[in-house]
Amino acid sequence: MKGWGKDILAMRGAIAQFLLWGLLFGIGYTQDAIYNSPENQNTKYFHALARAGHGFLSEDWLATTLDPLPAFTALVQFTYTYLHPEYAFYVYYLLIFGLYIYSLRGIADSVFPISHHPLRISIFLALFFFIHIVHIEIFTFDTGWELHAGVAEQYILGPVFQPANFGAFILLSIHLFLRRHPFWSVTMLAIAVTMHPAYFPSIAALIGVYVVLVTWNECKGFNRTILRPFGIGFLGIVLVLPVYLYMTLAFQDTSHELAQQATDIIVNQRIPHHSLPEYWLRGRAYAQAVVVAIAFLLVRKHRLGAILGVPFVLAVGLTALQFQINSDTLAFVAPWRMSVFLVPLSTCLILGKTATSLSGVLPDSNRAQTITKGICIGIIGILVLAGGLEQLRKFQDQDHTIPLLNRVKDTAQSGQVYLIPPEERALRKFRLYTGAAIFTNRKSHPYKDTEVIEWGDRWNLANRFYRSKDKNQCKLLRRQIVKNYGVTHVVMPVGDNIPTLSCKKFTEVYQDDHYKLYEHR
């Protein structure tokens, strides 16, 4: 009974630390206000909010397209319907922050023992907070971003809660594997890929490494050598099979030609910054590769060496292959996304080594160590306080789009469809903020090939409208956009070189310093 009591107390302490560090780190890192941000939630939450009855999003054309994120959609829909339409998402992200720092701290501790050394852990955590929160510009390299984000503008931690955040479960998987829990580690990988299928290359690489390491390093005797690695691989296949089948069957090619056309639209027009190495392979990416290489040298004799080295070699090799074959399919898969866990993992290994080295050169007196720990706690406190103030500012800030969006939100009705400038970043939040259906925008696109082509046609048509003038603009609006797509309202930017919309049956119903709103009557 005494043993059970100690275990329960230890578990409570661990949970309390997890929640505390997640809260502190999350406050310091900050989050955007979900419905007032131009970030990815405007795409990732859309299907869930449309199904949950948020405004009139169910009448938006995008709501008729196939959902590429069924598990995440289910989470968002449940949360919006039964918990809270906004606040719970911030809580989810705080838990992700806790998982992230817990996992990376545990991984670093497996190589450089720091957790049971108060001075080392203090230095490590201070450096951890500093690296993730303080933005120091070195030429084009931002230490507060590039040292924990991947290449090609991909990442685990970002401005808002979204599917990419579940990459933290990849880090947890590595931590559990190093703690010799391979079956649990595979389960964590399955959670990551189920919530965000773009992690498939990362998951496949890590499961392969786990199987080889268990076979090579841990198994003794013929039966265990065969059965245990087989069991790990089999469990991984079983757990990821549902999402794999959904992605392959629901999004299977309508025809080879249509699939190629759709992939070209996504890769070369919509997300070249994610997909094409010639867009993102700049000095910052090379610097991130150096960080991973340094970390690999630090752990090359540890089991972590293979976990770090194999995905790194695959990511670099497939990037080089893409330069040679210029494949839209490979570009769409984007195997370099493995960098989203390689870079923060490598950074934290370097921080672990730094903390260990610094603790060894500092004076070995209680006074010196107390002062050092106090400085570290002070750094963390300052960063959390600054982050908290920044968080308040983010929740209070309102940009130039808000007056227009409030007008639309207050007057939106069933049957209305708004044509908005498709390229304007600030208006990406139009759907989620107002609950109104729109014709299209650049940010949010489907993935089924026929639907991608339809989205591309809408996007091009909207761009043609905003680039046209006078009679051509009205003809395009009346004969195609209104007639074929039922658009009822048009948002026009206000500017010296932007003409007023003068089309029959369209009446100006709202104007501010930045936009005019016209209604078809």
Exercise. Which helices, taking whole DSSP H runs in the chain, have alpha carbons extending 24 angstrom or more along the helix axis plus mean Kyte-Doolittle at least 1.0?
Worked result: 87-111, 222-250, 283-299, 303-325, 339-361
Seminar exercise, completed: Taking max minus min of the Cα coordinates of the stretch 1-146 on each principal axis, largest first, gives extents in Å of 58, 57, 23
Exercise. Using a 1.4 Å probe on the protein chains only, how many percent of the accessible area of the chain belongs to carbon and sulfur?
Worked result: 61 percent
For this session: Using 0.36 nm per residue of separation minus the Cα-Cα distance, give me the extension gain between Thr370 and Leu9 in nm, one decimal.
Result: 127.3 nm
Seminar exercise, completed: Taking N as the number of residues in the stretch 374-499, the ratio of its alpha carbon radius of gyration to 2.2 N^0.38 Å works out to 1.44
Exercise. Can you list the aspartates and glutamates whose alpha carbon sits under 19 Å from that of Lys469, skipping same-chain ones fewer than 8 residues off?
Worked result: Glu423, Glu424, Asp496, Glu508, Glu519
Seminar exercise, completed: Quarter of the surface of the C-alpha convex hull for the chain, i.e. direction-averaged projected area in nm², equals 29.1 nm²
Exercise. Where a Cα-Cα gap under 22 Å defines reach, which lysines qualify for Lys353, not counting those fewer than 8 residues away within the same chain?
Worked result: Lys301, Lys373
Exercise. Expressed in nm to one decimal, what extension gain is obtained for the pair Asn460 and Ser115 from 0.36 nm per residue of sequence separation less their Cα-Cα distance?
Worked result: 118.7 nm
Exercise. Remind me, relative contact order of the stretch 367-448 in percent, using alpha carbon pairs under 8 angstrom and six or more residues apart?
Worked result: 25 percent
Exercise. P(r) tail for the stretch 462-521, what percent of Cα pairs lie past 19 Å?
Worked result: 21 percent
Problem set entry | Accessible solvent surface per residue of the chain, calculated while the other protein chains remain in place, 1.4 angstrom probe, Å² | 47 Å²
Exercise. What percent does the relative contact order of the chain come to when contacts are Cα pairs within less than 8 Å and at least six residues apart?
Worked result: 22 percent
For this session: Quickly estimate the mean residue ellipticity at 222 nm for the chain, helices only: each DSSP H run with n ≥ 4 gives -39500 (n - 2.57), and the total goes over all residues, rounded to 500.
Result: -19500 deg cm²/dmol
For this session: Would you mind checking the pairs Lys44/Lys475; Lys429/Lys516; Lys409/Lys483; Lys443/Lys504; Lys409/Lys475 and listing those with alpha carbons more than 27 angstrom apart?
Result: Lys44/Lys475; Lys443/Lys504; Lys409/Lys475
Exercise. Over its Cα atoms, what ratio of radius of gyration to 2.2 N^0.38 Å does the stretch 345-441 give?
Worked result: 1.99
Problem set entry | Leu389/Asp142 FRET efficiency (R0 25 Å; Cβ-Cβ; nearest 0.05) | 0.75
Exercise. For the stretch 71-149, what's the relative contact order in percent, using C-alpha pairs closer than 8 Å and at least 6 residues apart?
Worked result: 12 percent
Problem set entry | Amide H contacts under 5 Å for Tyr515, placed H, 5+ residues apart | Val494
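The values are calculated or read from the model by the stated rules, or taken from the named source; none is laboratory data. All values derive from a computational prediction rather than experimental measurement. Glycine gets a Cβ as well: all are built from the backbone with ideal geometry, and neighbour counts include every protein chain shown. These accessible areas exclude ligands, DNA and RNA; they are computed on the full protein's heavy atoms, side chains included. Shrake-Rupley method; radii C 1.70, N 1.55, O 1.52, S 1.80 Å.
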